[in-house]
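The values are calculated or read from the model by the stated rules, or taken from the named source; none is laboratory data. Not measured: the values here are computed from a predicted model. Counting neighbours? That spans all protein chains shown, and the Cβs are built from the backbone with ideal geometry, glycine included. Please note that ligands, DNA and RNA were not included when accessible areas were found on the heavy atoms of the full protein model with its side chains. Shrake-Rupley method; radii C 1.70, N 1.55, O 1.52, S 1.80 Å.
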Amino acid sequence: MDNHFVPNLTLGVPVVESLARATDTPLDCHLMIEAPDRWAPQYVEAGAGSVTFHVEAAAAPVRLAREIRAKGARASMALKPATPIEPYEDLLPELDMLLIMTVEPGFGGQAFLDIMLPKIRRTRELISKHGLELWLQVDGGVSSSTIERCADAGADVFVAGSAVYGASDPAEAVRALRTQAEAVTAKASWACDH
Ligand SMILES: O=C(CO)[C@@H](O)[C@H](O)COP(=O)(O)O
């Protein structure tokens with residue numbers, strides 16, 4: 001977050017570099033920033049294994065996705081709640097992950113936007129229609145009371161902030177959320193291993 005694309009400021013490239021030196025855990029960087037065309041490649045060089053840019057901020061999303069992939073990371077594109085998926089159908093083969101924001105980006109702790117469920121469902125249908133192995137991520141208000149609806153609509157990657165870091169046992173919270181999501185996705189025709 002750069003305090004321009006969203007009204008909040010968080011960590012940048014040097015912190016990602018330090019994290020990458022300190023851990024083998026894959027780093028997935030969601031850039032809620034302006035000018036991702038300029039910055040996203042630097043996050044790959046810093047050690048991110050997956051970089052998500054916002055289509056609303058990207059000048060050339062296809063070129064940027066190709067550059068992220070060419071540098072060796074997974075390319076991911078995010079949509080704010082008011083951004084529809086349909087104009088970007090033809091871009092999906094260029095991506096490894098699509099992120100549908102289920103809150104307005106900027107802050108943790110907001111209420112999940114149920115009105116995003118139809119968009120998640122339509123996106124899953126487009127992924128299936130094109131036979132893509134594209135991960136479908138949701139972020140914002142994901143918790144024990146919303147994760148099953150997200151999974152049922154077609155999401156298979158889940159970002160949870162408050163539901164994990166606000167729990168007395170964060171590791172157990174992750175296990176419980178994963179169990180809930182897996183129970184739903186296991187029954188889904190589109191489910192794949194990751
Ligand atoms: O950064 C954002 C939203 O801007 C999200 O990643 C949130 O931080 C997720 O937090 P919760 O909504 O799960 O509390």
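Things to note:
- Every pair of residues 6+ apart whose Cβ atoms lie under 6 Å, when the first sits in the stretch 146-173 and is assigned to a loop (DSSP other than H, G, I, E, B) while the second is more than 9 Å from the ligand (Cβ to nearest atom) and among the small types (Gly, Ala, Ser): 167/173
- Enumeration of residues in the stretch 144-176 that are in contact with a Phe, Trp or Tyr (Cβ under 7 Å, 6 or more places away or on another chain) and surrounded by fewer than 21 Cβ atoms within 10 Å (Cβ to Cβ): 157
- Tabulated pairs, the stretch 94-105, first in a strand (DSSP E or B), second modelled with pLDDT under 95 and near the ligand (Cβ under 10 Å from one of its atoms), C-beta under 9 angstrom, 6+ apart or interchain: none
- Every pair of residues 6+ apart whose Cβ atoms lie under 7 Å, when the first sits in the stretch 1-22 and is open to solvent by less than 30 Å² (accessible area, probe 1.4 Å) while the second is part of a helix (DSSP H, G or I): 13/42; 13/43; 16/43
- Verdict on residue 111 being open to solvent by 30 Å² or more (accessible area, probe 1.4 Å), within 13 Å of the ligand (Cβ to nearest atom) and not in a helix (DSSP H, G or I): yes
- Among (1) within 18 Å of the chain's Cα centre (by Cα); (2) away from the ligand (no atom under 15 Å from the Cβ) - the single one residue 28 does not satisfy: (2)
Residue by residue, here is whether (1) out of contact with any helix residue (DSSP H, G or I) (no Cβ under 7 Å at 6 or more places or on another chain); (2) open to solvent by less than 70 Å² (accessible area, probe 1.4 Å) holds:
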| residue | (1), (2) |
| --- | --- |
| 52 | yes, yes |
| 58 | no, yes |
| 64 | no, yes |
| 71 | no, no |
| 77 | no, yes |
| 83 | yes, yes |
| 86 | yes, no |
| 92 | no, yes |
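- Residue that is among the charged types (D, E, K, R) and within 25 Å of residue 3 (Cβ to Cβ), where the choices are 80, 71: 80
- Residue among 65, 82, 70 that alone is modelled with pLDDT of 95 or more, within 16 Å of the ligand (Cβ to nearest atom) and over 19 Å from residue 124 (Cβ atoms): 82
- The residue pairs whose first member lies in the stretch 124-141 and is farther than 10 Å from residue 155 by Cβ, whose second member is among the aromatic types (Phe, Trp, Tyr) and near the ligand (Cβ under 10 Å from one of its atoms), and whose beta carbons are closer than 7 Å, counting only pairs six or more residues apart or on different chains, are 140/112; 141/112.
- Residue check for residue 122: in a helix (DSSP H, G or I), at pLDDT 95 or above and in contact with a helix residue (DSSP H, G or I) (Cβ under 8 Å, 6 or more places away or on another chain): yes
- A single entry from 156, 139, 169, 152 fulfils the requirement of being within 16 Å of the ligand (Cβ to nearest atom), outside the structural domain of residue 28 (by TED's automatic domain parsing) and acidic (Asp, Glu): 139.
- Whichever residue in the stretch 1-25 is among the hydrophobic types (A, V, I, L, M, F, W, C) and more than 21 Å from residue 105 (Cα to Cα) and, among such residues, is nearest to the ligand (Cβ to nearest atom): 19
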